[in-house]
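> The structure under discussion is supplied below as structure tokens; questions concerning it will follow.
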Ligand code: XLS
Ligand code: NI
Ligand code: NI
């Protein structure tokens, strides 16, 4: 059902439906078939696709070299309350026309921040009750909320890691209000992305105090949300740099350490973003695997970087072969715990038609769907799993199995090696694995 506000913003675009690979309709899904079962679950349930409020409704294409290029027909009112309602109308029209079920926001994506904390809170409360009505009328849900503690100049030295307690407290107040909003909207999760939680120079930084303060801050936020009845999961979203030179939650492994060091492992998991993985010199699938190994694969921010530069370009995903490698990890680790696939991605600065926002999300959803189908076929039909099993077969029986069971000592290894001579050479067969990926695509 398409839910409209007073105005229809995306005129001429109807609900996007699945038409299959042979369709030439650019405004149709070619691979994302929401009700299709893959590995025992519908595609809709596997992915829980979400629209990111900030890029889709707020990002007009400005960059360090020039202003925005996109003339969005919403948020035109000079009254911040009305402008926010228009944006919410556009958001829900878009989400329902896409056939998505979820959205994600930062507090001040929803409505402009005011001059005082009290007025800002009033604004948030107003738009939250407006969104609440839109959610119950449409069935659209909140995947996660977060607070923007990085754009306002007051956060130039960080938020929870700020060297000044005044700013730390201000960030705490903002997070409390964002948690209240998330809880009021039945948000399923809450994200912490520490945009400026890091440093530019170690010369002026007390790293230990800053990191301990982040640990205290996250515990306070968790305790408060739980006291208010929040049952969802908290996610840390790792990113190595940008805007800071060095961000504390550098990558999945580093963030898992943060979670464990500050005793947050029962409440926190990770939100893995593709372009953040590549900025950290990892692949997306590497980060998913690290998170899954720790039981912390919570959610995904879907996008991609650019092979020729190192920025967080937040492009929509379009490489299904690469994404299939990630979907292998996804399927084999049982999917996401609590989260979904949030398109933290933006159309290019010169993609100025409103239609482009649809085309981009369709492409992203189709890329994930095609990749999921490929990964499932590889697991179910190809020799892939057998080959992988064989590669580690020496641990299945004999001394190898004893080793895995923790029954051997170093002197046992010594004795075994002495008896058995030089190990035989065994190929890793990487090219064969790569060929299978191609063959089943
Ligand atoms: C920025 C991050 C941000 C988070 C939410 O690079 O991806 O958008 O997802 O604060
Ligand atoms: Ni990002
Ligand atoms: Ni993100």
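Each value in this text was obtained by applying a stated rule to the coordinates, not by laboratory testing. Just so it is clear, the model here is predicted, and its values are computed rather than measured. So basically every Cβ, Gly included, is an ideal-geometry build from the backbone, and we count neighbours across all protein chains shown.
> Using the count of nearby Cβ atoms within 10 Å as a rough guide to exposure, how do 382, 23, 78 rank from fewest to most?
So the ranking, lowest neighbour count to highest, is 78, 23, 382.
> Let me ask something else. Give me the distance in nm between label points sitting 7 Å out from Cα along the Cα-to-Cβ direction at residue 71 and residue 348, one decimal.
Using points 7 Å along Cα→Cβ, the separation is 2.2 nm.
> Can you give the FRET efficiency for residue 396 and residue 60, using 1/(1 + (r/R0)^6), R0 = 56 Å, r = Cβ-Cβ distance, to the nearest 0.05?
Calculated value: 0.45.
> How large are Rg and Dmax for the range 259-405 when only the alpha carbon atoms are used, in Å?
Reported Rg and Dmax, both Å: 17.9, 64.
> On C-alpha positions alone, give me the angle between the axis of helix 284-293 and the longest principal axis of the chain, in degrees, nearest 10.
That helix lies at roughly 70 degrees to the long axis.
> Take the Cα atoms of the range 160-301, find their three principal axes, and give me the spread along each one in whole Å, biggest first.
Cα spread of the range 160-301 along its principal axes, largest to smallest: 39, 36, 23 Å.
> Calculate the length of the line joining the C-alpha centroid of the range 68-131 to that of the range 223-285, in whole Å.
One Cα centre to the other: 26 Å.
> Sticking with this structure for a sec: Taking the Cα centroid of the range 7-28 and of the range 410-434, what is the distance between the two, rounded to the nearest whole Å?
Centre-to-centre distance over Cα atoms comes out at 55 Å.
> Just grab the label-to-label distance for residue 173 and residue 7, each label 7 Å out from Cα along the Cβ direction, in nm (one decimal).
Using points 7 Å along Cα→Cβ, the separation is 3.3 nm.
> Compactness ratio of the chain: Cα Rg over 2.2 N^0.38 Å, N = residue count?
1.06
> At a 10 Å Cβ-Cβ cut-off, how would you order 287, 355, fewest neighbours first?
Ascending number of Cβ neighbours within 10 Å: 355, 287.
> How much length is gained if the chain between residue 431 and residue 133 is pulled fully straight, taking 0.36 nm per residue apart and subtracting their Cα-Cα distance, in nm to one decimal?
Gain on stretching residue 431 to residue 133: 101.9 nm.
> Calculated from DSSP H runs of 4 or more alone, at -39500 (n - 2.57) each and per residue, what is the 222 nm mean residue ellipticity of the chain, nearest 500?
-14000 deg cm²/dmol, from helical runs alone.
> I've got another one for you. Under a crude label model (7 Å from the Cα following the beta-carbon direction), how far is residue 165 from residue 204 in nanometres?
Roughly 2.2 nm, to one decimal.
> Between residue 245 and residue 154, what length comes free when the chain is fully extended (0.36 nm per residue of separation minus the Cα-Cα distance, one decimal in nm)?
Working: separation 91, 0.36 × 91 = 32.76 nm, distance 1.82 nm.
Full extension of this stretch gives 30.9 nm more.
> Which ordering of 370, 348 is given by a fewest-first count of other beta-carbon atoms within 10 Å?
Going from sparsest to densest Cβ surroundings: 348, 370.
> Moving to a separate point now. For helix 320-332, what angle does its Cα long axis make with the longest principal axis of the chain, in degrees from 0 to 90 and rounded to 10?
So the helix axis and the longest Cα principal axis differ by about 70 degrees.
> Percentage of Cα-Cα pair distances in the range 349-409 greater than 14 Å, rounded to whole percent?
73
> Note the angle between two axes, namely the Cα long axis of helix 80-98 and the longest principal axis of the Cα atoms of the chain, as a number of degrees from 0 to 90, rounded to the nearest 10.
Orientation of helix 80-98: about 40 degrees from the principal axis.
> If the chain between residue 408 and residue 333 were fully stretched, how many nm would it gain, using 0.36 nm times the residue separation less the Cα-Cα distance?
In short, 24.1 nm is gained.
> Using the alpha-carbon centroid of each, what span in Å lies between the range 138-202 and the range 333-375?
25
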